[in-house]
């Protein structure tokens with residue numbers, strides 16, 4: 001009987017979280033489209049997410065492209081398909097690896113930072129202070145971050161696409177001995193706009209989810225430093241899980257048939 | 001026969017609970033325009049919850065809260081913003097925005113809440129900083145560069161920056177040395193008198209309560225068990241009040257301690 005009660009409590013707590021997250025998302029999105037807007041805060045968040053994440057995303061992309069070229073060459077050589085390396089690299093990077101890996105890196109860097117900043121503001125009553133100063137915390141804290149995440153992660157992924165393909169090119173040409181012009185022509189030959197568009201769509205959704213999780217867990221953090229720490233961890237873990245789930249959903253929508 | 005003047009703040013039968021824990025159990029309180037009322041009570045008796053209910057940060061389950069006769073429980077959006085425009089608040093930990101300079105903190109309500117141009121708001125912020133005894137140069141510092149006493153002064157400057165009609169002070173002297181606490185008390189009295197504002201404070205610092213209050217109310221177990229003029233606090237005839245103001249461990253108020 002105790003077991004059933006425990007399961008019931010966990011299920012009710014889950015439903016309560018889902019309900020609160022849905023209400024939070026609805027309120028936050030409604031504030032993105034309603035004035036007043038805070039262009040300075042939006043710009044600041046865009047720089048924080050887009051510009052300052054470039055090194056980590058770039059490094060991830062270049063090594064991913066390089067490893068992918070090596071791995072696919074070694075694997076494909078078993079059935080004499082080494083010529084497909086350039087195509088595999090570009091399709092894997094644009095469709096899958098750049099958005100997912102960039103998303104996970106940004107979740108670790110930005111999601112954690114948002115949760116910590118907003119969580120600290122919550123436990124030090126700065127969010128209450130915003131309200132008493134006639135400023136809506138959703139509009140001031142949450143909406144600019146959601147918008148910046150939605151807009152900037154696709155930009156990061158576009159850069160990651162280019163750098164990832166370049167990493168594959170470096171290994172392909174200088175280590176595996178491919179002819180540079182044939183590697184480039186192979187890269188373009190099978191690449192379709194939908195490959196890039198699907199990756200950028202994923203990136204926009206991931207960017208929104210990362211910001212949403214950072215803001216949500218920070219906004220509802222409780223209990224001082226420990227609560228802020230828990231919010232930070234929860235934001236990264238939940239963003240990572242949502243990225244993996246939505247990666248499948250979006251892939252199925254684009255390429256499911 | 002003339003009608004009694006309308007109270008600035010009027011609370012009737014306000015109840016608030018968190019799960020099974022009842023924090024406010026039927027609060028009735030009236031604060032006249034320009035009056036300074038201090039609510040005293042031990043830690044965890046619901047003083048901060050009461051302020052947050054009036055500000056709309058928490059919603060009471062039952063009861064009425066009126067500002068200038070207007071019911072504010074459940075107000076949302078523009079109506080709530082309009083009511084909040086009348087308020088200033090000094091938070092217990094000052095609650096200054098870490099990412100903004102001191103002058104931007106003071107001018108925040110003017111720039112964001114009232115769309116005032118930044119330069120004009122900055123001039124007012126510098127003026128308010130001077131009113132609480134801080135130099136213009138302090139305006140360009142960040143809150144983390146200030147001492148606790150200076151942060152309280154900045155918090156006070158922010159609370160009065162928009163010349164509010166009502167100011168709330170949440171534990172204004174907690175964590176300060178006695179001299180700095182007295183400086184803050186003097187500033188609170190001076191600023192509220194100059195603005196002609198209605199003040200509602202919560203504290204368990206009796207020196208602070210005696211200095212800034214016209215009337216004192218004591219909150220215990222979710223109820224106001226005594227309300228009277230500040231000058232009567234020493235002969236209230238209430239054993240709970242006597243024990244509290246003299247800080248005695250023995251008496252009707254029992255600390256909930258567990259071995």
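Stick to Cα atoms and the Kirkwood definition of Rh, then tell me Rg/Rh for chain B.
Details: Rg = 18.6 Å, Rh = 19.1 Å.
Expressed as Rg/Rh, it is 0.97.
Only bridges with both residues in chain B count here: give the DSSP antiparallel percent, nearest 5. Kindly include the intermediate steps, with their values, before the conclusion.
Values: 21 of 39 bridges.
Antiparallel bridges: around 55 percent, rounded to the nearest 5.
So for chain A, averaging the separation of alpha carbon pairs under 8 Å that are six or more residues apart and normalising by length, what relative contact order in percent results?
Values: 343 pairs, mean separation 79.8, N = 257.
Once normalised by length, the contact order is 31 percent.
If the viscosity is 0.890 mPa s and the temperature 25 °C, what Stokes-Einstein diffusion coefficient in µm²/s follows for the range A:149-257 when Rh is the Kirkwood radius over Cα pairs? Can you show the working numbers first?
Details: Rh = 16.3 Å.
The Stokes-Einstein estimate is 150 µm²/s.
Across peptide B:109-115, what mean number of C-beta atoms from other chains lies inside 10 Å of a residue's C-beta? Let's see the in-between values first.
Working: counts 6, 2, 2, 9, 5, 2, 1.
Average neighbour count from other chains, rounded to a whole number: 4.
Fewest to most neighbouring Cβ within 10 Å: what's the order for B:39, B:67? Could the numbers behind the result be given before it?
Values: B:39 26, B:67 21.
Fewest to most other Cβ atoms nearby, the residues stand as B:67, B:39.
For the protein assembly as shown, compute Rh as the Kirkwood radius over C-alpha pairs and then the Stokes-Einstein diffusion coefficient at 4 °C and 1.567 mPa s; write the answer in µm²/s, rounded to an integer. Spell out each step's value before the answer.
Details: Rh = 26.3 Å.
Here the translational diffusion coefficient equals 49 µm²/s.
Averaged over all directions, how much area does the convex hull of the C-alpha atoms of the range B:76-131 cover when projected, in nm²? Could you put the intermediate results ahead of the total?
Numbers: hull surface 18.5 nm².
Here the figure is 4.6 nm², rounded to one decimal.
By its C-alpha gyration tensor, with a ≥ b ≥ c as the square roots of the eigenvalues, how is the range B:1-154 shaped: rounded for a/c under 1.5, else prolate for a/b larger than b/c, else oblate? All intermediate terms of the calculation are to be shown ahead of the outcome.
Values: a/c = 2.08, a/b = 1.66, b/c = 1.25.
Note, shape of the range B:1-154 comes out prolate.
By its C-alpha gyration tensor, with a ≥ b ≥ c as the square roots of the eigenvalues, how is the range A:89-187 shaped: rounded for a/c under 1.5, else prolate for a/b larger than b/c, else oblate? Could you put the intermediate results ahead of the total?
Numbers: a/c = 5.66, a/b = 3.61, b/c = 1.57.
In terms of gyration-tensor shape, prolate.
What angle, in degrees between 0 and 90 and rounded to the nearest 10, separates the Cα long axis of helix B:118-131 from the longest principal axis of the Cα atoms of chain B?
For B:118-131 against chain B, the angle is about 50 degrees.
Given 0.36 nm per residue, what is the gain on full extension from residue B:250 to residue B:137 after removing their alpha carbon distance, in nm? Mind dumping the intermediate values first?
Numbers: separation 113, 0.36 × 113 = 40.68 nm, distance 4.95 nm.
Once the chain is fully extended between residue B:250 and residue B:137, it gains 35.7 nm.
Listed highest first by mean packing, meaning other Cβ atoms within 10 Å per residue, what order do B:204-210, B:223-229, A:17-23, A:208-214 come in?
A:208-214, B:204-210, B:223-229, A:17-23
Pairs of Cα atoms under 8 Å, at least six residues apart: use those to get the relative contact order of chain B, whole percent. Show your work: numbers first, answer last.
Working: 478 pairs, mean separation 60.3, N = 259.
Dividing the mean separation by the residue count of chain B yields 23 percent.
Over the whole of B:93-103, what's the average partner chain Cβ count within 10 Å per residue? Rounded to a whole number, please. Before the final figure, lay out the partial values.
Values: counts 5, 4, 9, 3, 6, 5, 4, 0, 0, 0, 0.
Per residue, the average neighbour count from other chains is 3.
Apply the Debye scattering formula to chain A, with a single equal point scatterer on each alpha-carbon and no solvent, then give log10 I(q)/I(0) at q = 0.13, 0.16 Å⁻¹.
Scattering profile of chain A, log10 relative to I(0): -0.85, -1.10.
What average count of beta carbons from other chains do you get within 10 Å of the Cβ of residues in B:72-85?
Details: counts 0, 0, 0, 0, 0, 1, 0, 0, 3, 4, 1, 1, 5, 3.
Shielding by partners across B:72-85 averages 1.
Stretched out fully, how many nm does the piece from residue B:193 to residue B:98 gain, at 0.36 nm a residue minus the Cα gap? It would help to have the intermediate numbers written out before the result.
On the way: separation 95, 0.36 × 95 = 34.20 nm, distance 2.98 nm.
Stretched fully, the residue B:193-residue B:98 segment lengthens by 31.2 nm.
Rounded, prolate or oblate, given the Cα gyration tensor of the range B:7-84, with a/c below 1.5 counting as rounded?
Cα axes put the range B:7-84 in the oblate bin.
No value in this document is a laboratory result; all are computed from the given coordinates. Predicted, not measured: the structure shown is a model, and the values here were computed from it. Please note: Cβ atoms are built from the backbone with ideal geometry, for glycine as well, and neighbour counts cover all protein chains shown.
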